[in-house]
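Below is one structure; the comments refer to it alone.
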Amino acid sequence: MLGETAHATDKESLRQALGLHLPIHSQLLNYLQRLIQFDLGTSIHSGRAITDIFLERFPATVELGLGATIVALTLAFPLGILSAIRQKTLIDFSAMTFALAGVSIPNFWLGPMLIMVGSLWLGWFPVSGRDGVLSLILPALTLGTAMAAILSRMIRSAVLEVIHEDYIRTAQAKGLTESRTIIRHALRNAMLPVMTLLGLQLGSLLSGAVITETVFAWPGIGSLMIEAIQQRDYPIVQAAILCISLIYIGVNLLTDILYAWLDPRIRIRDAS
Amino acid sequence: MIRLWLPLILLCIWCLLALLGSTFSLAPNHIDLTNILSQPSTDVWFGHDELGRSISDRLIIGAQTSFLVAIFVILFSSLVGTILGIAGAFWGGWIDHLLTRIIDVFLAFPGILLAITLAGIMGPGIKNVVLALTCVGWVGYARLARAQVLTIKKTDHVTAARALGATSSRIMIYHLLPLLSAPLIVEMSFGIAGIVVAEAGLSFLGLGVQPPDASWGSMIRDGTRYMLVAPHVVIAPGVALMLVVLAVNILGDWMRDWLDVKNIRHM
C-alpha cells in the first residue's frame, strides 16, 4: 500500500493504524467485538465505513437475485411440468435440451452473448449498469437461466415420480381436470425435493451473482468483492464473504422451515 | 447409443489437443499488428484477436490449460477426499467428528465463492487455481466416501475380512475402495464439467491464468471489450467451453444412469 520505497516509520505507523502490531488473538477479539456492533471496519482503499458501502450496494444484489429467481421459476415450472406429463415427446425433448444447454453455458459467456443480441443488435436494453427495470432484464436472464435449467430437470423428475401414485389415479378417476390434478395433487407432493434444490440453488445464485455483476457492471455486493480483490482491499473482501455466507446459511435455514410448512408429516413427527 | 458418439468425439478432440498441442508449431503469443481483430477466413479459421494473435492457436493453448487444471484438481481432490472420507467413517470417534465439522464448515460457503476468495488471497496463477479448486473440491468426495463406507463397513464381507486378520489398511484398499469406485467415478465425471467452468470463471475474473498465457475464460474477458467490432473473439472460446462442458455433462448423465441400472440389476 505504501509502495516499495516506504520509510520504516511510515510502515510502522500504518501497522499501528491497522492494528497489525497487536498479537493475533487480540486482533481477532477486536474484530469480533466490532462485528457484534455491526461495525465491519473501514475500507483501506476509500477509507469509508464498510457498513455504509454495503448498505449502498446491497439493494442492487437483492434486486438481481429476485429478478433471477423470478426468471428461473417462470421458466422452470412450465418446462418441468410439461416435459413430465408429455414424457418422451418433442416438448419433453426440447425442454430437456434447453436444460442441458442451460447447465453447460457458463454465465460469463451467456452474459456477453445476451448483451450482443439484446443491446448491440436489437438495441432494446442498456449494455450495462443499473438504470431502471430495462437494465435488470439481461442480468436477471443471465443469472436465472442456469438456475431454470437445473430446476426444470428436478421438477420433471419429481413430477414423474409422483405421477404414477394411487392418489393421482384417484384424482383422475373422480373426474378432475388435468390441470387441477397436476397443480393440486401432483405438484404439491413433488415440491419437497424441489424446495431443497431451490434452497441450495440460491447459494449458487449468490456466487453466480459475483460473475454476473462483473459482466454487467452491476453495482452489487459481488462486483464490490471482485473490485476489492483487485485493489487488495482485504477488509471489504472479508466483509463481503461474511455477508454472502450469512445469506447462504440463512436461506438454507429458511428452506428447512419451509419444509415443515410444506410437509405435514414433518410437523406431526416433531410435535409428537 | 448414437447420441453418445458426438460427446465422446468432442472429448477426444479436447484431450488430444491438450496432450499433443505442444507438438504442433503454434504461435499463440505471436503479435501480428497487421491482422488486428481480423475476421475468420478459409486460411485462418477463427481469425485474430485484439493483438493480432491467432485465435485458433490460443484456443488450443486454452484447451491445454483447462485440461491440465481439470486433471490435477480431480486427481488431488478425489485422492484427499476419498482418503479422509474412508478414514473418518472407518475409524469413527473423534476423527469422524472432526471431519464432519470441517466438511460442514466448507459446505457453509457456496463452492465457487470460496475458490474466488482463495484465488484472490493467494494471488493469480495456474498453480493457485489448482490449489483453490482442490480446497473446494475434496469436500464432495469426502462426504460421498464417508457416507458409503458407513453403510458398507457393517456388511458381512468386511467382518469376514477382519475375522481373517486383515489389517485396517488392507480392508480399506481391497474391501471398501472397490465398492466406492462407481459413485466416485460419477462424481468425478460431473466434477470435470464444474472444474472446467470454474477455471474459466476464475480466469474471466482475472484471478486465474495470467497473460500472455491463454485460457478460454481470459479470452472471453479480453474479447468482451471488442465484442462490438469483432464478435468472433468472444464466440470462439465460448463455444469451445460450452461444447466441452456439454459433452462432459451428457457423458456424466449417461454414466450415472448406466451405473444405477447395473445396481438395480444386481439387487
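The values are calculated or read from the model by the stated rules, or taken from the named source; none is laboratory data. Note that the structure is a prediction, hence the values are computed from the model and not measured. Ideal geometry is used to build each Cβ from the backbone, glycine not excepted, and the neighbour counts take in all protein chains shown. When the accessible area is computed, the model is the full protein with side chains, heavy atoms only, and any ligands, DNA or RNA have been set aside. Shrake-Rupley method; radii C 1.70, N 1.55, O 1.52, S 1.80 Å.
Per-structure values
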read-out: Set A:Ile91, A:Ile137: member being closer than 18 Å to A:Trp218 by Cα, in a helix (DSSP H, G or I), open to solvent by 20 Å² or more (accessible area, probe 1.4 Å) and not small (Gly, Ala, Ser); value: A:Ile137
read-out: Any hit, the range B:46-58, residues being touching a residue at least 40 places away in the same chain (Cβ under 8 Å) and of a type in the set (A, V, I, L, M, F, W, C); value: yes
read-out: Residues (open to solvent by 50 Å² or more (accessible area, probe 1.4 Å) and under 23 Å from the mean Cα position of the chain (by Cα)) located in the range A:78-88; value: A:Pro78
read-out: Some residue of the range B:131-146 being within 12 Å of chain A (Cβ to nearest Cβ) and of a type outside the set (S, T, N, Q); value: yes
read-out: Cβ pairs under 6 Å, 6+ apart, first in the range A:199-222 and more than 8 Å from every other protein chain (Cβ to nearest Cβ), second assigned to a loop (DSSP other than H, G, I, E, B) and open to solvent by less than 10 Å² (accessible area, probe 1.4 Å); value: A:Glu213/A:Gly220
read-out: Some residue of the range B:27-39 being within 30 Å of B:Gly194 (Cβ to Cβ), polar (S, T, N, Q) and open to solvent by 20 Å² or more (accessible area, probe 1.4 Å); value: yes
read-out: Candidates A:Val210, A:Val194, filtered to the one that is buried (at least 18 other Cβ atoms within 10 Å of the Cβ), more than 22 Å from A:Ala60 (Cα to Cα) and out of contact with any strand residue (DSSP E or B) (no Cβ under 6 Å at 6 or more places or on another chain); value: A:Val194
read-out: Tally, over the range A:223-237, of residues that are part of a helix (DSSP H, G or I), touching a residue at least 40 places away in the same chain (Cβ under 8 Å) and either at the interface with chain B (Cβ under 9 Å from one of its Cβ atoms) or open to solvent by 90 Å² or more (accessible area, probe 1.4 Å) (or both); value: 2
read-out: Given (1) under 30 Å from A:Gly199 (Cβ atoms); (2) within 14 Å of another protein chain (Cβ to nearest Cβ); (3) not charged (D, E, K, R), number of the condition B:Leu10 does not satisfy; value: (1)
read-out: 1 or more residues under 18 Å from the mean Cα position of the chain (by Cα): qualifying helices (runs of 4 or more DSSP H) within the range B:10-127; value: B:55-91, B:111-122
